[in-house]
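Remarks on the structure that follows.
Derivation of every value follows stated rules applied to the coordinates shown; laboratory data play no part. Source: prediction; values computed, not measured. Heads up, the Cβs are rebuilt from the backbone with ideal geometry, glycines too, and the neighbour counts pull from every protein chain shown.
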Amino acid sequence: MTERSFEILDVSLRDGSHAMKHSFTEEQVRATAKGLDAAGVNYFEVSHGDGLGGSSLQYGFSKVDELKLIEAAADECENAKVSVLLIPGIGIKEDLQEAVKVGAKMVRVATHVTEADVAAQHIALGRELGLKTVGFLMMAHMAPVEKVVEQAKLFESYGAEIVYVTDSAGYMLPNDVTERISALKQSIGCEIGFHAHNNLSMAMANTIAAVEAGATYIDGSLRALGAGAGNTQTEVMAAVLERLGYNTGIDLYKLMDVANDVVAKFMQRPQEITGSGLIMGYSGVYSSFLLHTQAAAQKFGVDERDILVELGRMKAVGGQEDLIYDVAQQFALKKQKVEV
Amino acid sequence: MRKLKVGIIGSGNIGTDLMYKIERSENLEMSVMVGIDPDSDGLKRAADRGYVAISNGIEGLMEQLDLVDIVFDATSAYAHKNHSDLLTAAGKKVIDLTPAAIGPFTVPPVNLTEHFDEANLNMVTCGGQATIPMVKAVSRVIPVEYAEIVATVASKSAGPGTRANIDEFTRTTSKAIEQVGGAKKGKAIIILNPAEPPIIMRDTVNALVEEEGKEEEIIASVQEMVKEVQKYVPGYRLRGTPQFDGRKVSIFLEVEGAGDYFPPYSGNLDIMTAAAARVADELAKQLTATNA
């Protein structure tokens, strides 16, 4: 067997948690994990959408404890390794230790693209626990290339083995991706990953750009089950990249089976690019705000696009879901004044 | 009236801002600034204003203990234990602004004088000072099963100490939400936002109460508590009105600082130093009154 050109990392069971309103059941996770493992996917992620410890009023409570889900997923794997997401400020080191006890083998420590230095202790712990350890730079469109390089170097200096460029808002266009990945390729020694959102229908094009620029870890989700309009669709990505002549190491039919026979069956809605999704990509808003914005718009009787555009203008970062309700309330108050 | 003499260990952002607040107190007298870098801005400012500036850390302070009655520690959680042991053994009152949490938590409008007998008082965290009064404002009306706070601060206002101690922030704040705020279970989230111009500190408190209802009482209690905090942080404000959704109560806040050493957006740093100064001021008032 020839060597894989890159690793495809599936995030359906973590990013998809947003789209599922954090309601994954153990059965859903087991079936998906089993299918991914059988298809030859080497890494996939299981956590609350906002990472370990994300179960909260702010982001939504997990229906089933994420540790149970991680344990169930690990239990189904013969070859694949389970990754967990950890966002410092939300999750803490103890959460990671617990996740490792139940079978996690990889950790992706995520910070806003300019704040890598909050993650030093978590990256160090990942290495200490023998995990494949990743630094994950979120909202990477919000910083110029030099800043992305500077922050990636910090992650590398803490011990990260892979650094991700993460397009959390689905804002980037292929040249933005090429620029960032190429700059990293020139300036850091560790491997480079890319994570897309499809809010502007650019996820596949951006993924191709990332691979061509030298990314060796690329994220996708089955049936695009992720926040906002979802991620690069894993099974489609595998097909496209094979056509481009890369060796994905994936069994396409088996991957399609888990996408269509398992994941599609439990999805709460199709992963389309709705008006809100489009505006998120257009104005650079964190994709997991989607369903919260819809709820706030309904509660306060305001247009969800107005909320999203304002959040973009305010330069909201990942995790600021509370700001959505604050902004919606301010719009409603203004509207009331006009009407009076 | 006799004033109590104040020493501050840590000549960084927090310690320097605190110095200006001590100067405004009627019961405290700024005396000594302790740092470890003779070139630090805080030490220079202290010396310029006529205070004793010690640049060899706790060792230097231990040689001149008669200069202080109360010592604030604005260094880091890792350094605090040693400082506290040395100072309390020498009979000094210690007010801890690190998240070390050796001593009991103090949040002025909730339990200002409760732990005055203790040698070491802990000021929780900036996010704790901003939100725990609100948790208490709800829990004194109706039992709170769970309270969660989200503190969003400008990246520029989070120094290297906060960044290295982010887990300690989360853990200490969660504990204090329970112990001081009165929630059965607490959780804390902190978010750094690098937007320019820097954002004013924002805090959200979400609480799950025992049962629906009592909305008017909760709103009144919250508004009353806001006034209490405004006595020492005038820029502490509600954004909109508390929101109710079933058993969930959501309170939105912003905290604008006094602009002493930091620009006003750093309400997170301001509320910490203002709360610590408030505690020391009251402590001084009581100690000088009983000794008079």
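Put the Cα centre of the range B:222-292 next to the Cα centre of the range A:51-93 and the gap is 35 Å.
Taking the Cα centre of the range B:126-262 as origin and assigning +1 to Lys and Arg Cβ atoms and -1 to Asp and Glu Cβ atoms, the resulting dipole is close to 300 debye. A simple spin-label model places pseudo-atoms 7 Å from Cα toward Cβ; at A:K68 and B:Q286 they are separated by 4.7 nm.
Write down, largest first, the equivalent ellipsoid semi-axes of chain B in whole Å, where each equals the square root of 5 times an eigenvalue of the alpha-carbon gyration tensor.
On the way: eigenvalues 210, 80, 55 Å².
Taking √(5λ) for each eigenvalue gives 32, 20, 17 Å, largest first.
Neighbour counting of Cβ atoms within 10 Å sorts the residues A:D65, A:D10, B:D39, fewest neighbours leading, into B:D39, A:D65, A:D10. Extending 7 Å from Cα along the Cβ direction at A:S157 and again at B:K227 yields two label points whose distance is 5.1 nm. Ellipticity at 222 nm from helices only: DSSP H runs of n ≥ 4 in the protein assembly as shown, each -39500 (n - 2.57), divided by the residue count, give -13000 deg cm²/dmol.
Would you mind ranking B:R278, A:R30 by Cβ crowding within 10 Å, fewest neighbours first? Write down the numbers at each step before the final one.
Working: B:R278 22, A:R30 16.
Fewest to most other Cβ atoms nearby, the residues stand as A:R30, B:R278.
Taking the Cα centre of the range A:275-339 as origin and assigning +1 to Lys and Arg Cβ atoms and -1 to Asp and Glu Cβ atoms, the resulting dipole is close to 140 debye. Here's how it looks for A:V113: its modeled amide H is under 5 Å from those of A:M138, which are all 5 or more places away or on a different chain. Phi-derived couplings, Karplus 6.51 cos²θ - 1.76 cosθ + 1.60 at θ = phi - 60°, listed residue by residue for the range A:64-71: 10, 3, 4, 5, 5, 5, 5, 4 Hz, with x used for Gly and Pro. Could you run the Debye sum over the Cα atoms of the protein assembly as shown, one equal point scatterer each and no solvent, and tell me log10 of I(q)/I(0) at q = 0.08, 0.10 Å⁻¹, two decimals? Reported log10 I(q)/I(0), two decimals: -0.59, -0.89.
Tell me, what is the FRET efficiency for B:K3 and B:D41 to the nearest 0.05, using R0 = 30 angstrom and their Cβ-Cβ distance as r? Rounded to the nearest 0.05, the efficiency is 0.70.
Roughly how many debye, to the nearest 20, is the charge dipole of the range A:7-266 about its Cα centre, given +1 on each Lys and Arg Cβ, -1 on each Asp and Glu Cβ, and no other charges?
My answer is approximately 140 debye.
Close amide-amide hydrogen proximity is noted between B:A188 and B:I149, B:S174, each under 5 Å apart and 5 or more residues distant or on a separate chain (H modeled in the peptide plane; Pro and chain starts excluded). Among A:H22, A:H48, which comes first, second and so on when ranked by fewest other beta-carbon atoms within 10 Å? Ranking A:H22, A:H48 by Cβ neighbours within 10 Å, fewest first, gives A:H22, A:H48. Label chain A by shape, choosing from rounded, prolate and oblate, from the square roots a ≥ b ≥ c of the eigenvalues of the Cα gyration tensor; if a/c is under 1.5 it is rounded, and otherwise prolate applies when a/b is larger than b/c, oblate when it is not. In terms of gyration-tensor shape, rounded.
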